[in-house]
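What follows is a single structure, written as structure tokens, with notes after it.
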């Protein structure tokens, strides 16, 4: 039979970090029975804390730690417990509390209740700790781990049903009365999309010659529906933005900065525009896009700054203690505001700034939180049919689509073609049959963006019709719908995500002679009538001119 | 996983997130990482949902998962730990139970208690609410709050303590009233 360990042996195991659950239970019981033994344990633990702090820190740190610990040692236990409750206690202070808990086991349960109660106060008083915030964050993580799990869809439906604010809570007076038509519903009626193209996106020109004392530093160029500004500052009626602190209560707003960069913010958010057109995101979600020809953007958030702006970079400043930065396109540099630590990030990498510990922590690439901002920034809006705008980095898969759905991938954010491109012929202003054609040359000049559309048949093998209408915020200069041209343009126009579907679908295009295509007179809206005829998705590549 | 299981899971997240977060915090997890650990527990539970015995209490099962996650924190490299102190977590874990019912803020009635607390918060005078929000929403220290409200730090601590006690009493009262109905 195994002999019962002595108190000294148990203590040694604890100090060497080797106790198992049974050891701890026995140790706790003996300490509860014997206050003298409890004091010895507590003293040893406190000394271990001092020792480990002295070893971890340098010579000067050792002195500082010792001084801090001396000060802490003089604090009454209530203060130490207070520091544990608010999470600010040092290791030494925690060990002092442990010493107290050994001597007073009844205080242990009280501390646990107090800690839980502190958490309750946070949950009851802080929006970032609300049920909605927790569930959305959980949903995001679930998405990151399972990609297309039903959990997300189920949750989204429930949240929409149960947690969405009632319509009558919207404060009408605070809605900035833009003159454009922002709503999506008006453009979902299925009429010929050309007539609707101007209504879906509203461009506001920069107005730099304002009469008022402050110059315009940016202009609102796009918004989602339901935009509500609160606080004292809001964009002007013409969309101009001057220096100041802006509170966006709800909705998504996209602004063009004086530098030419675009900043998209999703409410609830608080952001500040400085006199030098620099931006500081205090709270909320922000996406910044810097085009190849822009001067860049000066962007900061809580605890971090963007030292080298990537082409497309996101900031998630919804949490109190951390701020996340994520690079969607290009390479970027992120620095801690305090301490100067920096990290270089490549495409599809993310980092979190921990404000308390003043450190940068690598986190998995998870773009879900930016989906609403991305829907506005992607530059394409759906007028008709079931459309999903995929987040950057989403791989094209032959098993992803739902029946009758159109997936939109922004394949290549921006590129300068090094040679003329062969595109398919499209009749402007009227529907025409998409079929084999001699093609036409698109001259290699100016910056382009490419989108890949993937259309899924409604009923496998039955050839159910899918119709969609999409409006782009830049003119469409080329459409590629034939299979051969899709393949041949993959390397020059597409990106790594464009190639995944090749192996599974030889007839990628919609050039069977059954489908129809219409490009509006203003070249902004594309209508597609897809009659399927198979079980596989068909693809169309759309090229827009950025300047 | 069938749709019924998923539906059950969603329902359980709504019911248990508040108590689970309280439980996680009560084990000495750093306040900044409480949600992270609680979410991880839900994800583990979701991935193992088929192992869940429906005759058992889901809340207790979740707490068991969370407890194991916190135990594992002690083995992590210091920079990656989500707890404030190994020794403190050690004693807090020893006093927790993976299988038994947890009481009060950490157990299955947590959501009801949280909702009662929210009701109590609504009844606070404006200045008190501002003080509490400064502490719990903006995460300001007593020193910062003192500067913001032109008070001295001990007075802030005392005021916060008084409000916490009053809110706790109000919450308990509401719980008792609800139980009596």
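The values are calculated or read from the model by the stated rules, or taken from the named source; none is laboratory data. Model, not experiment: these values are computed from the prediction. All Cβ positions, even for glycine, are placed from backbone atoms using ideal geometry, and neighbour counts span all protein chains on display.
Go through B:36, B:30, B:57 for me and flag whichever is surrounded by fewer than 20 Cβ atoms within 10 Å (Cβ to Cβ), facing chain A (nearest Cβ under 10 Å) and in contact (Cβ under 8 Å) with a residue 12 or more places away in the chain.
Going through B:36, B:30, B:57 in turn, just one is surrounded by fewer than 20 Cβ atoms within 10 Å (Cβ to Cβ), facing chain A (nearest Cβ under 10 Å) and in contact (Cβ under 8 Å) with a residue 12 or more places away in the chain: B:36.
Residues being within 14 Å of residue A:308 (Cβ to Cβ) and not in a loop (DSSP other than H, G, I, E, B): count how many of those fall in the stretch A:332-346.
Number satisfying all stated conditions: 8.
Here's a check for you: in the stretch A:255-271, which residue that is in contact with a strand residue (DSSP E or B) (Cβ under 8 Å, 6 or more places away or on another chain) and surrounded by fewer than 22 Cβ atoms within 10 Å (Cβ to Cβ) is farthest from residue A:369 (Cα to Cα)?
A:258
Quick one: count up the residues across the stretch B:39-54 that are in a helix (DSSP H, G or I), more than 7 Å from chain A (Cβ to nearest Cβ) and over 19 Å from residue A:363 (Cα atoms).
Summing the residues that are in a helix (DSSP H, G or I), more than 7 Å from chain A (Cβ to nearest Cβ) and over 19 Å from residue A:363 (Cα atoms) in the stretch B:39-54 gives 5.
So that you can scan it fast, the table gives a plain yes or no per residue for (1) within 14 Å of the chain's Cα centre (by Cα); (2) at pLDDT 85 or above; (3) more than 7 Å from chain A (Cβ to nearest Cβ):
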| residue | (1), (2), (3) |
| --- | --- |
| B:88 | no, yes, no |
| B:97 | no, no, yes |
| B:100 | no, no, yes |
| B:107 | yes, no, yes |
| B:111 | yes, no, yes |
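Determine whether residue A:154 is more than 7 Å from chain B (Cβ to nearest Cβ) and at pLDDT below 60.
No, not satisfied.
Can you tell me which residue in the stretch B:72-83 is modelled with the highest pLDDT, limited to those that are facing another protein chain (nearest Cβ under 10 Å) and out of contact with any helix residue (DSSP H, G or I) (no Cβ under 6 Å at 6 or more places or on another chain)?
Taking the candidates together, the pick is B:75.
Any idea which of A:111, A:45, A:101, A:50 is at pLDDT below 80 and at the interface with chain B (Cβ under 10 Å from one of its Cβ atoms)?
Every option except A:45 fails the conditions.
Yes/no per residue for (1) in the same structural domain as residue A:264 (by TED's automatic domain parsing); (2) within 30 Å of residue B:84 (Cα to Cα); (3) touching a residue at least 24 places away in the same chain (Cβ under 8 Å):
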{"residue": "A:309", "(1), (2), (3)": "yes, no, yes"}
{"residue": "A:322", "(1), (2), (3)": "yes, yes, yes"}
{"residue": "A:325", "(1), (2), (3)": "yes, yes, yes"}
{"residue": "A:342", "(1), (2), (3)": "yes, yes, yes"}
{"residue": "A:362", "(1), (2), (3)": "yes, yes, no"}
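For (1) in contact with a helix residue (DSSP H, G or I) (Cβ under 9 Å, 6 or more places away or on another chain); (2) more than 15 Å from residue A:396 (Cβ to Cβ); (3) crowded, with 18+ Cβ neighbours inside 10 Å; (4) at pLDDT 80 or above, each residue gets a yes or a no:
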position: A:508; (1), (2), (3), (4): yes, no, yes, no
position: A:517; (1), (2), (3), (4): no, yes, yes, yes
position: A:527; (1), (2), (3), (4): yes, yes, yes, yes
position: A:540; (1), (2), (3), (4): yes, no, yes, yes
position: A:545; (1), (2), (3), (4): no, yes, no, yes
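Report whether or not residue A:347 is in the same structural domain as residue A:308 (by TED's automatic domain parsing) and at positive phi.
Criteria not met by residue A:347.
With respect to the numbered conditions (1) farther than 15 Å from residue B:36 by Cα; (2) buried (at least 20 other Cβ atoms within 10 Å of the Cβ); (3) modelled with pLDDT under 80, which one is the sole condition not fulfilled by residue A:147?
So residue A:147 meets the others, but not (2).
When you go through (1) touching a helix residue (DSSP H, G or I) at 6+ places or on another chain (Cβ under 9 Å); (2) modelled with pLDDT under 80 one by one for residue A:216, which number turns out not to apply?
With respect to (1) touching a helix residue (DSSP H, G or I) at 6+ places or on another chain (Cβ under 9 Å); (2) modelled with pLDDT under 80, residue A:216 is out only on (1).
In a loop (DSSP other than H, G, I, E, B), under 19 Å from residue A:441 (Cα atoms) and either modelled with pLDDT of 85 or more or in the same structural domain as residue A:262 (by TED's automatic domain parsing) (or both) - does that describe any residue in the stretch A:488-498?
No, the stretch A:488-498 contains no residue that is in a loop (DSSP other than H, G, I, E, B), under 19 Å from residue A:441 (Cα atoms) and either modelled with pLDDT of 85 or more or in the same structural domain as residue A:262 (by TED's automatic domain parsing) (or both).
Among all residue pairs at least 6 apart or on different chains, which show Cβ distances below 6 Å where the first residue, located in the stretch A:216-237, is on the phi > 0 side of the Ramachandran plot and the second is part of a strand (DSSP E or B)?
A:226/A:250; A:231/A:247
Does any residue in the stretch A:431-450 that is not assigned by TED's automatic domain parsing to the domain that holds residue A:486 and in a loop (DSSP other than H, G, I, E, B) come within less than 8 Å, Cβ to Cβ, of a residue that is surrounded by 13 or more Cβ atoms within 10 Å (Cβ to Cβ) and at pLDDT 80 or above six or more places away or on a different chain, and which pairs are these?
Qualifying pairs under 8 Å: none.
Conditions: (1) in contact with a strand residue (DSSP E or B) (Cβ under 8 Å, 6 or more places away or on another chain); (2) over 21 Å from residue A:492 (Cβ atoms). Residue A:368 meets all but one. Number of the miss?
If we test residue A:368 against (1) in contact with a strand residue (DSSP E or B) (Cβ under 8 Å, 6 or more places away or on another chain); (2) over 21 Å from residue A:492 (Cβ atoms), just (1) comes out false.
Please verify whether the stretch B:114-123 includes one or more residues that are in contact (Cβ under 8 Å) with a residue 40 or more places away in the chain, more than 10 Å from chain A (Cβ to nearest Cβ) and closer than 17 Å to residue B:164 by Cβ.
There is at least one residue in the stretch B:114-123 that is in contact (Cβ under 8 Å) with a residue 40 or more places away in the chain, more than 10 Å from chain A (Cβ to nearest Cβ) and closer than 17 Å to residue B:164 by Cβ.
So which residues in the stretch A:347-375 are assigned to a strand (DSSP E or B) and farther than 24 Å from residue B:31 by Cα?
The answer is A:349, and nothing else.
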